[in-house]
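Let me begin by presenting the structure, written as structure tokens, before commenting on it.
The values are calculated or read from the model by the stated rules, or taken from the named source; none is laboratory data. Quick caveat, the model's predicted, so the values are computed rather than measured. Don't worry about glycine lacking a Cβ; one is built from the backbone with ideal geometry, like all the others, and counts go over all protein chains shown.
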Amino acid sequence: MSSLEKRQNKHVFYTWTAQSAAKPIHISKADGACFFDEKGERWFDFESQVFNCNVGHGQSAIADAIAKQATQLACAHPAAVFETKARLGEKLAQITPGDLNRFFFCLSGSEAVENAYKMARLLTGRKKVIARRRSYHGASMGALSLTGDPRRWPLEPGLWGVLRAEDPYCYRCPFGADEKSCGLVCANHIEHIIEMEGADNIAAVFLEGVTGTNGGFIPPDGYWTRVREICDKYGILLVADEVFSGFGRTGSWFAVDHWNVVPDMITMAKGLTGGYAPMGAVAIRESLAERFDDETLWCGLTGYAHPISCAAADAAIDVYRDQGLIENSKARGAQLTQWLNHLKSRFNVIGDVRNLGLFGTIDFVKSRKDRTPLQPYPSSGDAASWTGRLRDGLRKRHVHIAQKWTHLFIAPPLCISESELDAGMALIEETLHELGEPN
Ligand SMILES: Cc1ncc(COP(=O)(O)O)c(C=O)c1O
């Protein structure tokens, strides 16, 4: 343990872990799709610093915009008018789908979800919401209550009235359907939940654009359209949580763009500033936003539309556009598909692979025949397990990557080059080869 790590550990917490179990990396600098540790050794950032640094490291235009804003106006009252805030609203309106033209700015994805939740209740006067079982929506109490995954368990009870819908987990369909028999049963059962709970009680349906670290589920074609139809039928708001899947991660600005669906709200964060400053936002359709022209919007926070965050997001959108990062995510995504299929053809421990743009998932199995997950849910495996040794092997090769339950997630910065993606994926292949198949 370095002396810096010792100093830090004495006074500062790590998140989501017993402090003694944290395995921090001392990062000294970062550039593009990589970062460097204290020994100057290079790591592939295949997790984009928690799916955050979509633009990649060392984007000087964003750093310069932050510095300029800090010098000019670093702190502003939430009701202040200033250039970067107005311009950011205009730019976001250009890239968000349909008439999602007004934005509520906050500081994180959790806050974006929290505020969308409040807006849905204010707009509909209804209290219950529907969210999926394998989902993550944030760590604040409202967002955590929507969250389906086990991070919610230790803090229950959360907010009342969250109803659970099953996931579009096609490889392990919760309804036992396959490609032929699918019939979008996972979308249709949302209508069943609504009928059983009373449409007049339900404010909104919250869905991740593409499920993040609960499994990288890419909904089948027709899913989003069907859910949109159901919400329209019952006057229920549809909220796409694109905190993870937004800003090019899946090869389009937002995941819903793949299916041409306009939700009533989009929650965003992470890639909004490329991780260069904390920021979240709720995008809301014009017709709904207009309601708050006369009614009070009971939402606010001291750091609302923080000038530094606005400057970072304003500059980040230019970087995505000027450097063609959304297009690169699509092109490198096609390369990633080839790599994933290649790995699946080589290793029986891989049951399924899936990706959309630069978000890829490897789903490990005990047996391909019956698709038994390699780990019992929700364990990610202890150090001695096959997945534990996989983690060690990847760390040894300096591949910084997320692994959860029986999944490995590949999500490098969108600026990654063809050769860098090849090099990182080759290290994953080498690790799998070294490990061999589990017993
Ligand atoms: C889909 C989704 N929503 C919300 C959040 C919460 O965002 P934050 O950690 O910025 O509060 C996350 C974070 O990973 C997320 O993936």
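Filtering segment 155-185 down to residues that are under 20 Å from the mean Cα position of the chain (by Cα) and among the acidic types (D, E), which residue is farthest from the ligand (Cβ to nearest atom)? Only one residue fits best here, namely E166.
Here are some residues: T361, T372, T387, T406. Which one is in contact with a strand residue (DSSP E or B) (Cβ under 8 Å, 6 or more places away or on another chain) and free of Cβ contacts under 8 Å to residues at least 12 places away in the same chain?
On the way: T361 fails: free of Cβ contacts under 8 Å to residues at least 12 places away in the same chain; T387 fails: free of Cβ contacts under 8 Å to residues at least 12 places away in the same chain; T406 fails: free of Cβ contacts under 8 Å to residues at least 12 places away in the same chain.
Step by step, each of T361, T372, T387, T406 is checked, and only T372 is in contact with a strand residue (DSSP E or B) (Cβ under 8 Å, 6 or more places away or on another chain) and free of Cβ contacts under 8 Å to residues at least 12 places away in the same chain.
Is it the case that some residue within segment 104-118 is more than 16 Å from the ligand (Cβ to nearest atom) and surrounded by 13 or more Cβ atoms within 10 Å (Cβ to Cβ)? The answer is no; no qualifying residue exists.
Look at (1) of a type in the set (K, R); (2) more than 14 Å from the ligand (Cβ to nearest atom); (3) more than 26 Å from D31 (Cα to Cα) and you find that K68 fails only one, number (3).
Taking the options T71, T15, T96, name whichever one is over 28 Å from G424 (Cα atoms), exposed (fewer than 12 other Cβ atoms within 10 Å of the Cβ) and at pLDDT 95 or above. Can you show your working first?
Working: T15 fails: over 28 Å from G424 (Cα atoms); T96 fails: exposed (fewer than 12 other Cβ atoms within 10 Å of the Cβ).
Sole residue among the options that is over 28 Å from G424 (Cα atoms), exposed (fewer than 12 other Cβ atoms within 10 Å of the Cβ) and at pLDDT 95 or above: T71.
Among V210, V227, which is the only one that is of a type in the set (V, I, T), closer than 27 Å to E179 by Cα and within 13 Å of the ligand (Cβ to nearest atom)?
Details: V227 fails: within 13 Å of the ligand (Cβ to nearest atom).
None of the others qualify; the one that does is V210.
Close contacts from segment 135-156, counting a first residue that is in the same structural domain as A240 (by TED's automatic domain parsing) and among the acidic types (D, E) and a second that is assigned to a helix (DSSP H, G or I) and away from the ligand (no atom under 12 Å from the Cβ), with Cβ to Cβ under 9 Å and a gap of 6+ residues or different chains, come to E156/S145.
When restricted to residues that are in a loop (DSSP other than H, G, I, E, B) and either among the charged types (D, E, K, R) or within 16 Å of the ligand (Cβ to nearest atom) (or both), segment 90-99 contains 1. Scanning segment 125-154 for residues that are more than 15 Å from the ligand (Cβ to nearest atom) and surrounded by fewer than 18 Cβ atoms within 10 Å (Cβ to Cβ) gives G125, K127, W153, P154.
Remark: E47 matches the filter, which requires a residue to be surrounded by fewer than 22 Cβ atoms within 10 Å (Cβ to Cβ), within 22 Å of the chain's Cα centre (by Cα) and either basic (K, R) or within 16 Å of the ligand (Cβ to nearest atom) (or both).
Scanning segment 26-48 for residues that are in contact with a helix residue (DSSP H, G or I) (Cβ under 9 Å, 6 or more places away or on another chain) and not in a strand (DSSP E or B) yields H26, A33, E38, F46, S48. Within segment 163-173, the set of residues being surrounded by 18 or more Cβ atoms within 10 Å (Cβ to Cβ) and touching a strand residue (DSSP E or B) at 6+ places or on another chain (Cβ under 6 Å) comprises A165, D167.
Can we say I218 is β-branched (V, I, T) and away from the ligand (no atom under 16 Å from the Cβ)?
On the way: β-branched (V, I, T): yes; away from the ligand (no atom under 16 Å from the Cβ): no.
No.
In the set R332, R291, R285, which member is among the charged types (D, E, K, R) and not assigned by TED's automatic domain parsing to the domain that holds A269? Break it down into steps so the answer makes sense when it comes.
Values: R291 fails: not assigned by TED's automatic domain parsing to the domain that holds A269; R285 fails: not assigned by TED's automatic domain parsing to the domain that holds A269.
Checking each option against the conditions leaves just R332.
Quick one: in segment 174-192, of everything that is hydrophobic (A, V, I, L, M, F, W, C) and without any contact (Cβ under 8 Å) to a residue 24 or more places away in the chain, which residue is surrounded by the most Cβ atoms within 10 Å (Cβ to Cβ)? The extreme case among them is V185. With respect to being within 10 Å of the ligand (Cβ to nearest atom) and either of a type in the set (D, E, K, R) or within 11 Å of the chain's Cα centre (by Cα) (or both), D241 fits the description.
Only residues that are within 14 Å of the ligand (Cβ to nearest atom) and not in a loop (DSSP other than H, G, I, E, B) were counted across segment 244-282, and they come to 12. One residue alone among R102, R87 is assigned to a helix (DSSP H, G or I), among the charged types (D, E, K, R), in the same structural domain as T250 (by TED's automatic domain parsing) and within 28 Å of the chain's Cα centre (by Cα), and that residue is R87. Evaluating K23 against the criteria (1) surrounded by 12 or more Cβ atoms within 10 Å (Cβ to Cβ); (2) assigned to a loop (DSSP other than H, G, I, E, B) leaves one unmet condition, (1).
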